[in-house]
Amino acid sequence: MKTFINDLVSTYLSEYGDKPLESCIITPSKRAHRYIKAELMAQEDSGFLPALYSIDDFIFKYTPLLRIDEIDLTYKLFEIFKKHKKEADFDFEEYLSYSSILLNDFNEIDIQMANGKDIYAYLTDVKAIQLWNPDGSPLSNSQKEYLKFYNLLGFIYSDFRNQLFKEGLCYQGMAYRHFAENILASFEQLKYKNILFAGFNALTKSEEIILKKAQQIKKAKILWDVDTYYLNDQMMEAGFYMRKHKKWDFQLESQAKSHFSSLEKTINIIGVAGTLGQARLAAQIIEQEQKEQLEKSPEQAKISALIPADENLLLPILNSFSKTAQENTNITMGFPLEHTHAYTLAQNLIKLHLHAAQLDQGKHHTLYRSELTAILSNDLIKSLNAYKTNPIKPSFQKFIKPIEVHALLQEANLEQLKDSFENCHNQPHLLLEKIHFLLNTVYENNQKSEIELLEENETDALLQLINTSKRLGSLVTEHDQPKQLKGLNILFKQLTIGLKQAFIGKTEKGLQLMGLLETRLMDFENLTILSLNEDILPASSFSNSFIPADIKHEFEMPGIQEKTAVYAYHFYRLLQRAKNIHLIYSTTKKALSGGEKSRFIKQLEFELLKYKSNISIKHQLLSFDDIKIPQKKIIRIEKDTSIMNKLEELAHKGLSPTRIISYIRCPLQFYFQSIAKIKETDQAEDIIDDRKLGDAIHKILEDFYKPFKGKVFPKEKLAPFLKEIPQLVEEYYAKEFKGNTDSGPNYLSLKDTSYYLTQFIKYEIQHNSPLEIIGVEEYLQRNMKLENGLLVKIHGNADRIDKKEGVIRILDYKTGAVDAKKIKYLEDPKKPNESIFTKPDYDKAIQLFVYHWMHKNTSYQTAQSGIISFRNIKNPYIMLEGSENMQYTEELFKNLIQEIFDKETAFEAQDKEDKICDFCNYRNICSK
Ligand code: SF4
């Protein structure tokens with residue numbers, strides 16, 4: 001197979017091969033440089049290689065400004081803000097909530113050579129128009145503040161750049177802009193007479209100026225990698241940038257190849273469930289390929305690539321590989337720091353101290369037991385003395401005192417960590433010292449050990465975080481910001497969350513496991529791409545910026561269309577020379593992304609086949625059973641006598657629908673919550689979340705309906721109540737949140753509560769016929785006798801029970817999203833596996849069924865159960881469908897309760913869906 005790198009080296013040799021010391025090659029990134037060097041040596045073994053630069057390295061080498069990182073930029077920008085805000089107590093924490101967005105915007109403005117001052121002036125005008133009151137009423141104080149903020153941005157942008165410039169410093173966009181604005185002077189200082197730019201596609205405005213100018217002054221040649229298939233079809237996103245470039249580089253069109261129409265290809269499109277399914281399938285494909293390649297020449301073995309479009313698949317893939325496959329794999333992709341044990345350890349220590357400082361205002365330095373457990377269960381801490389189990393035993397106590405912590409550390413032979421858990425008095429620099437100390441202790445221990453205790457990526461992550469905590473510590477002391485742990489928590493996350501560890505392989509042989517962006521310039525005969533799902537490839541269009549898409553468009557900055565075009569190019573470019581292609585997507589539905597296969601696959605299926613007949617496309621859907629899944633480590637708790645006693649206690653006290661749902665989601669989670677009674681971490685933030693919004697609605701409606709219990713509800717009461725709602729909501733919030741509701745999330749929640757209630761009562765006025773209120777917050781209870789004679793109490797409160805048109809309705813208020821399709825029995829005696837009791841998504845249907853079942857005990861009248869959904873305000877009553885299947889459901893329900901109390905059935909970790917574990921508060925304990 002003739003690759004782009006073959007072409008690049010041939011072009012270089014024919015154009016500049018006789019003057020290597022006067023020539024350089026510039027590429028979009030340096031990932032492919034090792035391959036270019038190898039090819040140069042293979043084609044021309046003269047001993048002199050040209051200089052190779054990524055565009056970034058090239059610009060910074062020839063720019064008189066020094067690049068500084070995000071930590072320094074964040075503090076420098078804060079100083080500028082302080083100057084403009086003229087507020088002595090300008091809040092650093094508030095500033096952190098938008099600082100990184102602003103830094104990104106500044107970078108983009110500069111790299112795209114846009115006029116920052118004009119953009120921010122335009123933005124301010126747009127915001128002013130949005131706030132303008134047509135009735136002439138003046139702006140409120142908060143609206144004025146809002147406008148003032150936007151008004152400042154233009155000045156801050158200019159001052160920030162000027163200040164950095166004065167100090168000889170810059171960020172990436174500033175350096176590119178400076179190079180492009182001084183293009184002739186910039187080129188004059190180059191020691192190279194010839195430049196070959198190769199493999200570029202999406203150029204920023206500054207890059208475009210640099211390439212164009214270099215070409216005009218005959219210093220440079222540009223080598224594009226493009227196929228006529230997507231270049232000539234105006235509708236294809238992949239050719240978007242190339243079509244733009246061909247307007248100024250007249251050689252582009254002649255360089256276009258026609259691989260899609262000339263080469264034979266087999267494209268296998270395979271849908272498989274979830275992360276694990278994809279990883280396992282990839283391992284099967286790769287192992288098969290490697291086996292075949294072993295039988296061929298070793299040269300053949302270097303032309304396979306595995307590309308997980310979602311980098312979170314890296315570890316599942318490696319875990320699915322056999323030892324031989326791992327040894328023959330060269331990983332060239334960044335691994336997110338946040339997925340390492342080192343990051344979790346640092347983050348958990350921050351959380352522990354943050355919450356300790358908030359509890360009792362830190363006076364008695366009490367720690368949350370569960371948070372301490374999470375730290376001591378971390379694999380890195382275990383590496384210190386290699387104990388196998390967590391020294392903290394399950395306990396009823398939610399908190400733990402320092403004296404108990406010391407005793408516990410002593411017992412676990414971890415006394416050296418004592419300082420890490422002592423009071424840091426809400427002082428960020430002291431906490432950073434503790435983080436530094438803890439991570440360093442683990443690192444040093446690993447270094448001293450004769451056997452390798454930690455994986456290589458964990459030691460790299462430790463080093464990265466040790467350096468970050470040290471640097472941050474000196475900046476926090478120098479600037480005396482942030483002043484509290486809350487701010488440090490935000491800052492630490494902000495500076496570390498996007499960091500990646502370089503996983504750079506040492507050889508170009510074997511399977512190349514790499515990220516999509518790392519594939520630039522490279523070609524592979526055998527290609528496997530994973531996670532070809534919408535919102536992954538192409539990535540979601542969400543953009544974190546203060547500059548709206550239409551203003552970006554106005555100022556010729558790239559928007560969603562351009563970003564999608566970049567992904568499309570990478571995808572099609574990879575495909576153009578490949579021969580055996582596997583495109584794998586997940587069939588698992590996700591709440592946000594919808595789990596849809598990528599539109600790129602759909603395009604191939606519909607368009608590529610029409611374009612060329614010697615491309616064969618096969619489509620397969622595999623189930624889990626088609627792929628051999630490695631045996632998982634089963635986490636199980638056997639029901640010994642003490643657990644059986646606790647279960648009996650629970651049977652007497654009663655099981656609520658919520659607990660039953662928790663068991664269906666994961667029996668182990670149910671065990672932690674209801675038997676071991678390990679408390680979930682409290683949300684210490686002082687904000688009103690969705691749950692609290694629900695509480696407010698429940699309470700206000702309870703107070704309203706309660707006086708009419710047992711009576712026909714007087715419909716004429718609704719209209720006056722409607723008028724009172726804003727006042728009632730404000731009173732409720734003022735009482736519950738002690739005045740902390742004038743701004744921020746609390747204010748928004750208050751407004752949401754008022755809105756939902758108002759809309760609901762309006763609906764009631766319009767649609768409701770006479771109604772009898774039977775119960776409000778009505779306690780329902782029913783006992784179930786198990787086979788062993790144990791009586792289990794099932795109980796719960798129904799929000800409202802009423803009677804309408806002769807039918808009793810047991811109603812539950814819901815403020816979260818409700819999928820009406822999931823409010824049904826879904827029982828079929830022939831398909832017990834489709835029971836609502838096996839599907840966590842049907843939690844609301846289960847809850848309604850249990851209410852119905854409990855109510856049946858007390859009343860033999862016709863009844864229905866349902867939800868009042870405040871989000872679905874056009875049709876808020878969603879009733880449980882399919883009650884003809886109730887009897888069968890009842891049998892399954894009894895089996896379920898029987899199972900919970902069955903001595904022989906252990907509590908096991910769930911294996912239904914990964915997302916259940918993602919949202920589980922016991923993740924750290926369970927270590928699944
Ligand atoms: S992390 Fe997953 S397996 Fe473990 S308890 Fe939670 S839901 Fe169950």
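The values are calculated or read from the model by the stated rules, or taken from the named source; none is laboratory data. The model shown is predicted, which means the values in this text are computed figures rather than measured ones. Virtual Cβ from ideal backbone geometry, glycine too; neighbours counted across all protein chains shown. With ligands, DNA and RNA removed, areas are computed over all heavy atoms of the protein, side chains included. Shrake-Rupley method; radii C 1.70, N 1.55, O 1.52, S 1.80 Å.
Data overview
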{"quantity": "Within region 209-288, trypsin sites (Lys or Arg not before Pro) in DSSP loop having at most 16 other beta-carbon neighbours inside 10 Å", "calculated": "Lys218, Lys219, Lys247"}
{"quantity": "Accessible surface, the chain, averaged per residue in Å² (probe 1.4 Å)", "calculated": "48 Å²"}
{"quantity": "Accessible surface of region 39-194 [probe 1.4 Å, protein heavy atoms]: carbon and sulfur percent", "calculated": "51 percent"}
{"quantity": "Antiparallel DSSP beta bridges within the chain, percent to nearest 5", "calculated": "35 percent"}
{"quantity": "Estimated FRET transfer efficiency (Gln163, Glu649; beta-carbon r; R0 60 Å; 0.05)", "calculated": "0.35"}
{"quantity": "Dipole magnitude of the chain about its Cα centre (Cβ charges: Lys, Arg +1; Asp, Glu -1), debye to nearest 20", "calculated": "820 debye"}
{"quantity": "Added length on full extension, which subtracts the Cα-Cα distance from 0.36 nm per residue, Tyr122 to Glu450", "calculated": "111.8 nm"}
{"quantity": "Dimensionless Rg ratio for region 339-501, taking C-alpha atoms and the 2.2 N^0.38 Å reference", "calculated": "1.01"}
{"quantity": "The chain: radius of gyration over Cα atoms, expressed as a fraction of 2.2 N^0.38 Å", "calculated": "1.08"}
{"quantity": "List Ile900, Ile303, ordered by accessible area with a 1.4 Å probe, largest first", "calculated": "Ile303, Ile900"}
{"quantity": "Projected label distance in nm at Glu70 and His479, using a 7 Å step from Cα toward the beta-carbon", "calculated": "1.4 nm"}
{"quantity": "Selection of trypsin sites (Lys or Arg not before Pro), region 130-196, meeting DSSP coil and at most 14 other Cβ within 10 Å", "calculated": "Lys191, Lys193"}
{"quantity": "Theoretical FRET efficiency, 1/(1+(r/R0)^6), r = Cβ-Cβ of Thr658 and Lys589, R0 30 Å, to 0.05", "calculated": "0.80"}
{"quantity": "Helical mean residue ellipticity (222 nm; -39500 (n - 2.57) per DSSP H run of 4+; nearest 500) of the chain", "calculated": "-15000 deg cm²/dmol"}
{"quantity": "Three-way shape call for region 426-557 based on the alpha-carbon gyration tensor, with the a/c threshold at 1.5", "calculated": "oblate"}
{"quantity": "Sites matching GluC sites (Glu not before Pro) across region 436-475 that sit in DSSP coil, with at most 13 neighbouring C-beta atoms within 10 Å", "calculated": "Glu450, Glu452, Glu455"}
{"quantity": "Nearest-0.05 FRET efficiency for Lys709 and Gln781, computed from C-beta distance (R0 30 Å)", "calculated": "0.95"}
{"quantity": "Within region 1-41: backbone nitrogen closer than 20 Å to the Asn614 label point (7 Å, Cα to C-beta)", "calculated": "1-4"}
{"quantity": "Mean separation of Cα contacts under 8 Å (6+ apart) over length of the chain, as relative contact order %", "calculated": "13 percent"}
{"quantity": "Paramagnetic reach from Leu315 (point 7 Å along Cα→Cβ, amide N under 17 Å) across region 415-456", "calculated": "454-456"}
{"quantity": "Virtual paramagnetic centre 7 Å along Cα→Cβ of Asp841, amide N under 13 Å, in region 511-541", "calculated": "none"}
{"quantity": "Cα-Cα separations in region 68-168 greater than 22 Å, expressed as whole percent", "calculated": "34 percent"}
